[in-house]
Amino acid sequence: MFDSGFGGLTVARALIDLLPHEHLVYLGDTGRYPYGPRTLDEVRGFAEQITDRLVHEHRVKLLIVACNTAAAAGLGHLQARVDVPVLGVIEPGVRSLARATHDGRVGVIGTVGTIGSGAYQGTVAALAPELQLTCAACPGFVEFVERGETRSDQVTVLAERLLAPMRDAKVDALLLGCTHYPFLARTISDVMGRDVVLVDSADETAFEVRARLEGSELARSAALGPAQHRWLSSGEVETFRRLGQRLLGPELDAVEAVVWPA
């Protein structure tokens, strides 16, 4: 799986817990984050490069685009590019959102790129057209997570401003449409209030992976021994190891450097 940085670790945590016998290779493209403000064409190029690296060099059997911006930029393109299953986090998130709401007023927050792409708007229209959807971009949230600042006064002030459209729309379920945002869940919940259900696509994505693997020749048997987890970063590896271990847990130990061609 890959993400622009640490956000996809929420999905990695769910996968390790649900599928403890499966090997995992995680690539955090921290050398080029954040993806949100970049053009979709640029993000699509990054996603193609990472996909090629994981499929051809690491010989993965299934790929998870654990980055909403990258999935919005061209999940279908990546699926056509390689011969292994490629899953995103957008459809699983929308399915969870539809189950979480009681009155049908829902919200999605994400990066500028994700919200501007219309990917969530289109997916909600296709999968749950009965929902009343409010979307809002939250620039700055990713940067706070990448710095490890998830409970500071500054991020609370930013959240109060950016989440105002969600409070005004009186949503009762809010999808965290960026895999970084669950690390800000306590702050977001404080701002939105306890009556608003926060929806994280990580668990639903892990369930979808299990459904794809179970009973297929792709599934790895527990009899083959413990799973191996590899962690790759295109940025400063010690920073990735230190912060990543704090966010994910002890499974994130040694981190390997990834260098992209100039």
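At-a-glance table
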{"item": "Checklist (1) part of a helix (DSSP H, G or I); (2) surrounded by 21 or more Cβ atoms within 10 Å (Cβ to Cβ); (3) polar (S, T, N, Q) applied to Thr179, failing item", "result": "(1)"}
{"item": "Criterion (assigned by TED's automatic domain parsing to the domain that holds Gly8 and buried (at least 18 other Cβ atoms within 10 Å of the Cβ)) met by exactly one of Val171, Val209", "result": "Val209"}
{"item": "Evaluation of Glu236 against (1) closer than 19 Å to Arg13 by Cβ; (2) over 18 Å from the mean Cα position of the chain (by Cα) (one fails), failing number", "result": "(1)"}
{"item": "Selection count where residues are surrounded by 16 or more Cβ atoms within 10 Å (Cβ to Cβ) and either farther than 17 Å from Leu175 by Cβ or free of Cβ contacts under 8 Å to residues at least 40 places away in the same chain (or both), scope the range 92-106", "result": "1"}
{"item": "Single residue of Leu198, Leu232 found to be outside any helix (DSSP H, G or I), modelled with pLDDT of 95 or more and in contact with an Asp or Glu (Cβ under 9 Å, 6 or more places away or on another chain)", "result": "Leu232"}
{"item": "Residue match in the range 2-12 (condition: in a strand (DSSP E or B), modelled with pLDDT of 95 or more and touching a helix residue (DSSP H, G or I) at 6+ places or on another chain (Cβ under 6 Å))", "result": "yes"}
{"item": "Residue match in the range 63-78 (condition: more than 21 Å from Tyr181 (Cβ to Cβ), more than 16 Å from the chain's Cα centre (by Cα) and in contact (Cβ under 8 Å) with a residue 60 or more places away in the chain)", "result": "no"}
{"item": "Breaking point among (1) within 21 Å of Phe183 (Cβ to Cβ); (2) not in a loop (DSSP other than H, G, I, E, B), for Gln121", "result": "(1)"}
{"item": "Residue tally, condition hydrophobic (A, V, I, L, M, F, W, C), closer than 13 Å to Val108 by Cα and within 13 Å of the chain's Cα centre (by Cα), over the range 139-185", "result": "3"}
{"item": "Filter result for the condition that a residue is part of a helix (DSSP H, G or I), in the same structural domain as Glu217 (by TED's automatic domain parsing) and more than 21 Å from Asp29 (Cα to Cα), over Ala80, Ala73", "result": "Ala80"}
{"item": "Enumeration of residues in the range 227-262 that are loosely packed, with under 15 Cβ neighbours inside 10 Å, free of Cβ contacts under 8 Å to residues at least 12 places away in the same chain and not small (Gly, Ala, Ser)", "result": "Arg242, Pro250, Pro261"}
{"item": "Matching residues in the range 26-66 - criterion: being in a helix (DSSP H, G or I), crowded, with 24+ Cβ neighbours inside 10 Å and out of contact with any helix residue (DSSP H, G or I) (no Cβ under 6 Å at 6 or more places or on another chain)", "result": "Ile50"}
{"item": "Test: residue in the range 94-102 that is part of a helix (DSSP H, G or I) and within 26 Å of Thr39 (Cβ to Cβ)", "result": "yes"}
{"item": "Hits in the range 189-215 (condition: without any contact (Cβ under 8 Å) to a residue 12 or more places away in the chain and acidic (Asp, Glu))", "result": "Glu214"}
{"item": "Failed item, numbered, when Ala14 is tested on (1) surrounded by fewer than 19 Cβ atoms within 10 Å (Cβ to Cβ); (2) within 24 Å of Glu149 (Cβ to Cβ); (3) not polar (S, T, N, Q)", "result": "(1)"}
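The values are calculated or read from the model by the stated rules, or taken from the named source; none is laboratory data. Fair warning: this is a prediction, and the values are worked out from it, not measured in the lab. All Cβ positions, glycine included, derive from the backbone under ideal geometry; neighbour counts span all protein chains shown.
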